[in-house]
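Data first, discussion second: the structure below is written as structure tokens.
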Amino acid sequence: MSDAVLSQFKKAEEEKAVDATKKLRVGIIGTGGIANAHMQSYKRMPDVEVIALADIIPGKAKAFAEKYDLPDARCYSSHTEMLAAEELDAVSVCTYNATHAECTIACLNKGIPVLLEKPMCVTLEEAVAIRKAEKESGKVLSIGFQPRFDPNMQMIKKIVESGELGEIYYIQTGGGRRRYIPGSTFIEKSTAGIGALGDIGCYSLDMVLNAIGYPKPLTVSAYKSDFFGKNPEIYPIDCERFDVDDFAAAFIRLEGGVILDFRISWAMHMDTPGDTIILGKKAGLRIPSTDCWNGSVGGPMTIYRDVAGVCTEFKVPILGGGGNLFDKKVRSFLDAVKFGGESPVPSSQIINNQAILDGIVRSAELGREVEINIPDID
Ligand SMILES: NC(=O)c1ccc[n+]([C@@H]2O[C@H](COP(=O)([O-])OP(=O)(O)OC[C@H]3O[C@@H](n4cnc5c(N)ncnc54)[C@H](O)[C@@H]3O)[C@@H](O)[C@H]2O)c1
């Protein structure tokens, strides 16, 4: 089927009417950078009213309300104050990583569904606490990985599930850049908890783990460093504040005998640590994915396969029609809340992603391989 025909179906799907007779009362916790993307999406949803905003920085929530012309939205100086005063149908948790767990658990304990920004949190212990609160509440919790809604990202999973590659035994993923440390609240343990790992590493992990069905991680041997963020010649403005990772590499064993070789960089003396490759017993897949956190693959993917005993390769064309990935992430969450559906990006999967990040930090700090034990919550 041609792309043009396919995109007609996609358009019809996107234009599915939303019943706006009853508005969902939504709150946003944390009105910093990413809250803007949540707000812009909510504004495009006819069945949503953002009625409450919270930020611990005095005046920040109010300024946000003014920016988005929300004169009736009530503003609070903490998530606890907001949750005590409001009856809400859903909340976006848009705080920095270090407060993801406490804000999400507080919402779930009040019976409010949550769209939680990525990474899920900072440690595996926090992820377990979130999962427990989610289970007790029975409410929807979705984690904010919008690249999941990109047709090319979805194609990676389809290729794996089609059996084209055969049994997968080795994956190399990650990526990164020669120089770009984001600054702001991303570079301190007290706010971000982790650096490049949580900012961009979690996306590369989600891309491949989602494709292969999110097997449990078993062990990790890892390394992390901070040579660039702490170097006044390279990062003069904020090197004094910098106390997270700007580079990490890890060798991870997954359930089912799959090996995951991972590296991520905010800064290094190299252009890229390479594409993502997935090796199966029948074929291999190369994914130009240096910036997969921007929502898609970096170019056409290649499949390497023997045909009649000859080594061949062919390109998988780039698929269009992705639309606004952020709107899709928000809409899928709202639909799960309204119609009682499954979480679109479930914490039962993302806890494995978080367990790897946690294992990388532990292993790097101990200087040896560590086991990963994820308590059974279900
Ligand atoms: N999905 C994406 O594309 C994407 C992009 C950028 C950032 N993010 C994620 O979004 C999160 C926030 O990033 P950001 O750039 O918006 O950070 P930010 O620092 O600009 O904003 C976070 C805000 O949360 C507030 N806050 C912290 N704890 C709070 C609490 N307990 N109650 C109320 N407010 C609280 C802070 O005061 C701050 O204003 C991070 O986890 C980041 O990884 C996701």
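Size check on segment 114-222: the Cα extents along the three principal axes, sorted descending, read 45, 43, 30 Å. Taking Cβ atoms as reference points and 9 Å as the exclusive limit, the residues near residue 19 contribute a net charge of +1, counting Lys and Arg as +1 and Asp and Glu as -1. This model, with +1 at the C-beta of Lys and Arg and -1 at the C-beta of Asp and Glu, gives segment 89-179 a dipole about its Cα centre of some 280 debye.
Averaging the sequence gap over all C-alpha pairs within less than 8 Å and six or more residues apart, then dividing by the number of residues, gives segment 112-204 a relative contact order of 32 percent.
Straight-line reach from residue 139: taking Cα to Cα under 23 Å and skipping same-chain neighbours fewer than 8 places apart, the lysines in range are 22, 23, 110, 118, 328, 329, 338. Count Lys and Arg as plus one, Asp and Glu as minus one, and take only other residues whose Cβ is under 13 Å from that of residue 32; the net charge is then 0.
Of 329, 118, 43, the residue with the greatest mean-square motion in the GNM of the chain, using alpha carbon springs below 10 Å, is 43.
Dipole orientation for the chain: of the candidates 217, 311, 298, 311 has the Cα lying most toward the positive pole (charges on Cβ; Lys, Arg +1; Asp, Glu -1).
Counting only residues at least eight positions apart within a chain, or on another chain, the aspartates and glutamates with an alpha carbon under 13 Å from that of residue 230 are 188, 238, 240, 243, 245, 246. Just checking the listed ones, 356, 171, 264: in the Gaussian network model of the chain with Cα springs under 10 Å, the one fluctuating most is 171.
Note on the chain: with a GNM built from Cα contacts shorter than 10 Å, the maximum mean-square fluctuation among 322, 175, 295 falls on 322. Listed from fewest to most Cβ neighbours within 10 Å, the set 180, 214 follows the order 180, 214. Determine the distance separating the Cα centre of segment 81-111 from the Cα centre of segment 147-186; give it in Å without decimals. Cα centres, segment 81-111 to segment 147-186: 29 Å. Using C-alpha pairs below 8 Å separated by at least 6 residues, the relative contact order for the chain is 19 percent.
For a paramagnetic label modelled at 7 Å from the Cα of residue 43 toward its Cβ, which residues of segment 62-102 fall within the zone defined by backbone nitrogen distances under 14 Å? Counting backbone N atoms under 14 Å from the label point, the list is 64-71.
Over the Cα atoms of the chain, the radius of gyration divided by the Kirkwood radius equals 0.97; this is the Rg/Rh ratio. Relative to the Cα centre, the charge distribution of the chain, modelled as +1 at Lys and Arg Cβ and -1 at Asp and Glu Cβ, gives a dipole magnitude of about 560 debye. In plain terms, the chain from residue 19 to residue 307 could stretch by 98.6 nm, reckoned as 0.36 nm per residue minus the Cα-Cα distance.
Placing a pseudo-label 7 Å from each Cα along the Cα-to-Cβ vector at residue 369 and residue 85 gives an inter-label distance of 5.4 nm. For the chain, the antiparallel share of DSSP beta bridges with both residues in that region comes to about 60%.
Among 221, 142, 184, a tally of other beta-carbon atoms within 10 Å of each Cβ gives an order, fewest to most, of 184, 221, 142.
We did not get these values from a lab; they are worked out from the coordinates using the rules stated. None of the values given here were measured: they were computed from a predicted structure. Cβ coordinates were reconstructed from backbone atoms using ideal geometry, including for glycine residues, and neighbour counts include every protein chain displayed.
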